[in-house]
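Comments concern the structure below.
The values are calculated or read from the model by the stated rules, or taken from the named source; none is laboratory data. Computed from a predicted structure; not experimentally measured. Here the Cβ is made from the backbone with ideal geometry for all residues, glycine too, and neighbour counts use every protein chain on show.
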Number of protein chains: 2
Amino acid sequence: MPSPTIDGTQRGYVIPIGGAEEKIDNPEILSKFVELCGGKDAVITIIPTASQLDDTGTRYQQIFEEIGVKKAHSLPISERVDAQNEEYVKILEQSTGIFVTGGNQLRLSTILGGTPIAKTIRQLNAQGVHYAGTSAGAAIVSQHMITGGSTGIVPTEDGVNLAPGMGLINTIVLDQHFNQRNRLSRLLSAVSYNPFLIGVGLDEDTAAFITPDNEFTVVGSGAVTVVDPSNIEYSSMAEARTGDALTLLNLKVHILASGARYNITDRKAFTA
Amino acid sequence: MPSPTIDGTQRGYVIPIGGAEEKIDNPEILSKFVELCGGKDAVITIIPTASQLDDTGTRYQQIFEEIGVKKAHSLPISERVDAQNEEYVKILEQSTGIFVTGGNQLRLSTILGGTPIAKTIRQLNAQGVHYAGTSAGAAIVSQHMITGGSTGIVPTEDGVNLAPGMGLINTIVLDQHFNQRNRLSRLLSAVSYNPFLIGVGLDEDTAAFITPDNEFTVVGSGAVTVVDPSNIEYSSMAEARTGDALTLLNLKVHILASGARYNITDRKAFTA
């Protein structure tokens with residue numbers, strides 16, 4: 001569950017990005033994030049923990065500086081002990097925006113889970129600080145986070161692996177590199193485990209800008225695929241044996257390109 | 001459009017198979033087809049035209065003989081002139097079942113299209129002779145036949161190539177090797193061109209046994225994915241530029257494993 005908001009405070013945006021967002025020529029997604037965070041007054045803190053490359057944090061720092069911010073800095077959190085560093089927490093608390101890079105989402109959950117840094121991210125977002133994350137940084141947004149699974153279209157009983165995520169959003173399960181890596185199968189497997197979830201598949205260079213009112217607008221060059229299982233009439237998930245194809249009747253699916261919107265609370269899609 | 005039936009005559013089944021059906025150990029799909037065609041009294045005519053391998057026809061002949069039929073024979077039709085051979089038409093007319101092999105569906109449409117063989121297949125099916133086709137032999141069943149397109153999930157303006165098929169069924173567009181080759185993108189592109197179509201994606205070793213009453217049952221080890229666009233609220237297909245991601249709101253999707261049924265006329269899915 002997201003942290004509770006203090007009375008009268010508006011939450012920050014949550015912006016999952018499907019990975020491989022444009023960084024140089026026309027960084028539409030990153031620019032819109034910076035704009036939300038205050039543009040030239042923005043203070044962006046980068047969490048590069050998912051990545052095992054040394055320069056991921058500094059690279060994003062340069063990108064944000066080129067877009068034009070007051071300050072962008074990367075917190076070198078690569079072990080659990082770093083995520084308990086009170087200095088880092090203080091730096092984080094100065095942010096108008098938090099950006100979590102790609103890499104391995106299990107590094108994010110195993111290193112940040114239950115630490116002061118994770119708690120602060122959740123609290124700051126509830127207090128109005130915007131959160132954007134790409135690839136692994138998008139996956140971790142879900143309360144029920146996809147960590148792996150089968151590729152293809154058709155779901156199976158063992159088609160997805162889930163782990164607890166950071167839970168900035170609790171009714172949707174996110175997947176990234178969606179069209180590029182053919183991940184409908186694992187998203188369908190996830191939503192059919194428990195149809196209270198809405199499945200949201202983000203293509204590369206594509207983001208869902210989720211407002212404090214729980215509605216998102218699509219930004220970027222690809223599409224966001226929404227799988228709404230709330231009207232499922234039948235699912236064979238509980239009876240299926242490992243490897244069996246599943247029967248799932250009456251899924252609702254929306255494909256949303258740039259500018260299209262989706263209201264998560266009402267489960268309703270709108271055109272651009 | 002399918003050939004009109006003569007008053008009182010029941011049409012034959014139409015059985016598209018998604019390719020790579022089990023042929024030796026437990027040939028469930030082929031055995032059910034043989035059973036429909038009369039079992040030990042079945043006379044199966046094989047059309048190997050889609051394939052460019054010399055032994056495709058004789059191989060299926062052996063498979064049907066092993067299952068147990070009265071007669072199985074292959075018509076060596078590899079050019080348009082063969083498809084006008086009156087001898088072949090006479091042999092075809094003795095069939096209780098027609099089986100069309102895999103290969104290239106454009107060979108089927110270019111070689112058989114408009115010939116006495118194609119006309120006879122359509123008439124015989126209207127008169128009660130059963131038709132089964134695998135892979136290319138399944139594709140050709142559609143009036144609007146998929147010949148190629150992009151792989152992945154998300155549809156695009158140029159995401160599918162269509163050609164006129166044999167039209168044994170006119171309200172559905174079929175695709176094969178569906179899960180194995182990630183073909184949702186092209187199926188969604190096809191149904192969004194004109195939402196009167198129902199998209200039916202057949203996995204390998206999986207068949208839709210379509211009854212004369214326009215309802216099908218799934219047989220085989222994979223799934224059949226049904227995409228029903230009839231309630232689409234909005235499609236950006238007409239405005240999209242080449243390569244653009246599309247917005248499609250409110251698709252209905254069913255995943256149907258073995259035993260599940262779909263009524264094409266009523267657009268309604270049922271569990272096994």
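Flag: residue A:175 matches the condition of being modelled with pLDDT of 95 or more and either more than 17 Å from residue A:76 (Cα to Cα) or touching a strand residue (DSSP E or B) at 6+ places or on another chain (Cβ under 8 Å) (or both).
Only a single item in (1) farther than 16 Å from residue A:95 by Cα; (2) modelled with pLDDT of 95 or more is not met by residue A:43, and it is number (1).
Against the numbered list (1) surrounded by fewer than 21 Cβ atoms within 10 Å (Cβ to Cβ); (2) in contact with an Asp or Glu (Cβ under 8 Å, 6 or more places away or on another chain), residue B:103 comes up short only at (2). For region B:100-120, state whether one or more residues are more than 19 Å from residue B:167 (Cα to Cα) and more than 16 Å from the chain's Cα centre (by Cα). Scanning region B:100-120, I find no residue that is more than 19 Å from residue B:167 (Cα to Cα) and more than 16 Å from the chain's Cα centre (by Cα), so the answer is no.
Name the residues in region B:142-188 that are among the aliphatic types (A, V, I, L, M) and either in a strand (DSSP E or B) or surrounded by fewer than 21 Cβ atoms within 10 Å (Cβ to Cβ) (or both), would you? Within region B:142-188, B:145, B:146, B:160, B:162, B:163, B:169, B:172, B:173, B:174 qualify.
Table: residues versus (1) touching a residue at least 60 places away in the same chain (Cβ under 8 Å); (2) at the interface with chain A (Cβ under 8 Å from one of its Cβ atoms); (3) in contact with a Pro (Cβ under 7 Å, 6 or more places away or on another chain); (4) not in a strand (DSSP E or B).
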site	(1), (2), (3), (4)
B:200	yes, no, no, no
B:204	yes, no, no, yes
B:213	no, no, no, yes
B:216	no, no, no, no
B:230	no, no, yes, yes
B:249	no, yes, no, no
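Filtered by the rule that a residue be within 21 Å of residue A:211 (Cα to Cα) and in a loop (DSSP other than H, G, I, E, B), region A:90-128 gives A:95, A:96, A:101, A:127, A:128.
Selection of region B:259-269 for residues being more than 7 Å from chain A (Cβ to nearest Cβ) and either buried (at least 17 other Cβ atoms within 10 Å of the Cβ) or part of a strand (DSSP E or B) (or both) yields B:261, B:262, B:263, B:264, B:268.
Among the residues of region B:199-251, the ones that are under 24 Å from residue B:272 (Cβ atoms), β-branched (Val, Ile, Thr), out of contact with any Gly (no Cβ under 6 Å at 6 or more places or on another chain) and buried (at least 21 other Cβ atoms within 10 Å of the Cβ) come to 6 in all. Can you say whether residue A:225 is within 12 Å of chain B (Cβ to nearest Cβ), touching a residue at least 40 places away in the same chain (Cβ under 8 Å) and of a type in the set (Val, Ile, Thr), as far as the supplied structure shows? When the stated conditions are applied, residue A:225 passes them.
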